[in-house]
Amino acid sequence: MKPAAAKTPAEPKATLAKAAPALAKRPSPPVAKTAAPAKAPAASKKIAPSLATTPIPPKILPMPTVVAAPVPTPVKKDPRLANNWKTKTAHELTDAEVIAMPDSEYMNDKQMAYFRLKLVQLKDDILANAGETTEHLREDTVVVPDPADRATIEEEHALELRTRDRERKLLKKIEQSIGRIDAGDYGYCDETGEPIGVPRLLARPTATLSLEAQQRRELKQKMFGD
């Protein structure tokens, strides 16, 4: 017959009571902090406005840059030449002598004849240039084998034809100016009726506007177009 196992004596309650305060004072192990999940950015709540309800602002065009025309230097009259027109014909007068004529003699018969000669001479020069261009084009009808030389000749012809086209338009204005001389209206502005001035007519015999009227017209063309 086996002997009964020996019973372990139970720990006295007094020992457990003394150990409890010591266990309570032990620091608890640190707990790893988990990062809070990042908040997703709020969805944009902007809604495209309706094209039907939103007014479209008018398109504002930039104002064109207007460059003021240079003020011409006034031509000085030589008082020593003021009376030369009285003793000379229109063929013998010079530009300086016509400028020196007194303002009271503006567009008298001598001045009219002088500007008519200038216009006729300018017309003859243009017609002579046109004849030379025709003869030049007729002589260059020979076919050039080199493509580079042929391209150069064609470019020269195109430039010459453009020049003749500008002269053709000028020829029409010359004929109109001669008609104005015959009618006695030459030398006066079409818009204001004021004298255009001898210096401006010498520089541009076909002018029909005074310098101020021409500047106003060019300003309007830059701002509003043709």
From phi via Karplus (6.51, -1.76, 1.60), per-residue ³J(HN,Hα) for segment 79-89 in Hz, x at Gly/Pro = x, 6, 9, 5, 10, 5, 5, 6, 10, 10, 7
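FRET efficiency for Leu211 and Glu155, Cβ-Cβ distance as r, R0 = 41 Å, nearest 0.05?
Details: r = 37 Å, r/R0 = 0.90.
Taking R0 as 41 Å, the efficiency between Leu211 and Glu155 is 0.65.
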Near the amide H of Tyr188, under 5 Å away, which other amide H atoms are found, from residues 5 or more places off or on another chain, if H is placed in the peptide plane?
-> Ile196
Expressed in angstrom, Rg and Dmax over the Cα atoms of segment 117-224 are 19.2, 60
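Rule-based calculations on the coordinates, nothing more; no lab input. Just so you know, these numbers come straight off a predicted model, no measurement behind them. With ideal geometry, Cβ positions are generated from the backbone for all residues, glycine too; neighbour counts draw on all protein chains shown.
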